[in-house]
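Asker: Quick one: this structure, given as structure tokens, is what I'll be asking you about.
The values are calculated or read from the model by the stated rules, or taken from the named source; none is laboratory data. Note that this is a predicted model, so its numbers are computed, not measured. Here the Cβ positions follow ideal geometry from the backbone for every residue, glycine too, while neighbour counts run over all protein chains shown. Only protein heavy atoms, including side chains, enter the accessible area calculation; ligands, DNA and RNA are left aside. Shrake-Rupley method; radii C 1.70, N 1.55, O 1.52, S 1.80 Å.
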Amino acid sequence: QVHLVESGGGLVQPGGSLRLSCEASGSIKSIWNTGWYRQVPGKERELVASITSGGTTNYADSVWGRFTISRDYAKSTVYLQMSSLKPDDTAVYYCVTDSIIGKSWGQGTQVTVSS
């Protein structure tokens, strides 16, 4: 089992920055990919960014150049640094891992971009 805890969400003004954290515990050695998804009511869930165990990163076009995904192995944590935030980035952000047991989801953290 993989247990994920997200943190770092909140209210920020347009143009501001936030850093989300996703701390994993449990069967973390079996994780081969970690991603951040976001969900807005009434819209499809969107994969924002992902990072493989080999360090390969992938970003949605909508966040390219503004968001950066990274990880700290020692802390079993994956980060999503978000800059130049826009109102359209407002959503609940979820950390998701792929491992030998399948997909595991965190509880989500709300990000609101508003003046």
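Asker: Sorted by mean Cβ packing within 10 Å, highest first, what order do the peptides 8-14, 87-93, 77-83 take?
Answerer: Answer by packing, highest mean first, reads 77-83, 87-93, 8-14.
Asker: Bin width 10 Å, alpha-carbon pairs only: give the P(r) of region 1-89 as whole percents, running from 0 to the bin holding the largest distance.
Answerer: 15, 49, 29, 6
Asker: Could you run the Karplus curve 6.51 cos²θ - 1.76 cosθ + 1.60 with θ = phi - 60° over region 64-70 and give me ³J(HN,Hα) per residue in whole Hz, x for Gly and Pro?
Answerer: For region 64-70, the Karplus curve yields 4, x, 10, 10, 9, 9, 8 Hz.
Asker: Also, quick follow-up: Just the accessible area per residue of the chain, please: how many Å² with a 1.4 Å probe?
Answerer: That works out to 54 Å² per residue.
Asker: Let me ask something else. For an R0 of 25 angstrom, estimate the FRET efficiency from the Cβ-Cβ distance between Ser53 and Gln1 and round to the nearest 0.05.
Answerer: The value I calculate is 0.85.
Asker: Compute the relative contact order of the chain as a whole-number percentage, counting only Cα pairs closer than 8 Å that sit 6 or more residues apart in sequence.
Answerer: 37 percent
Asker: Dipole size in debye (nearest 20) for the chain around its Cα centre, Lys and Arg Cβ +1, Asp and Glu Cβ -1?
Answerer: For this selection, approximately 120 debye.
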